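> One structure, as structure tokens, below. Some questions next.
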Amino acid sequence: MISISAISPQIYTSESIEPVVAVTYGRNGLVLTKGTDYEVSYSDNVNVGTATITFRGLAGSANWEAGCEI
């Protein structure tokens, strides 16, 4: 099971917002590494509303998403 750390509401800045999140795997909470275990892309992250963060697992892993309020 993949877990993504909580993403707090973000302050509007009129620029792209890319919050840092911790990604863990399994019951033991193995910390995954950006660029090694997964890639991240952001969308709808400039204007007020709900942004989407998409994580793409590398080496055949599945994709997953998280959202945050701006």
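The values are calculated or read from the model by the stated rules, or taken from the named source; none is laboratory data. All figures in this text were calculated on a predicted structure; none of them were measured in a lab. To get the accessible areas, we keep the full protein, side chains included, count just its heavy atoms, and leave off ligands, DNA and RNA. Shrake-Rupley method; radii C 1.70, N 1.55, O 1.52, S 1.80 Å.
> Just the residues that are over 13 Å from the mean Cα position of the chain (by Cα), over 13 Å from Phe55 (Cα atoms) and β-branched (Val, Ile, Thr), please, taken from the range 1-45.
Once the filter is applied, which keeps residues that are over 13 Å from the mean Cα position of the chain (by Cα), over 13 Å from Phe55 (Cα atoms) and β-branched (Val, Ile, Thr), the range 1-45 yields Ile11, Thr13, Val31.
> With the requirement that a residue be polar (S, T, N, Q), at pLDDT 85 or above and either in a loop (DSSP other than H, G, I, E, B) or open to solvent by 40 Å² or more (accessible area, probe 1.4 Å) (or both), what does the range 40-64 give you?
Within the range 40-64, Ser41, Ser43, Asn45, Asn47, Thr50 meet the criteria.
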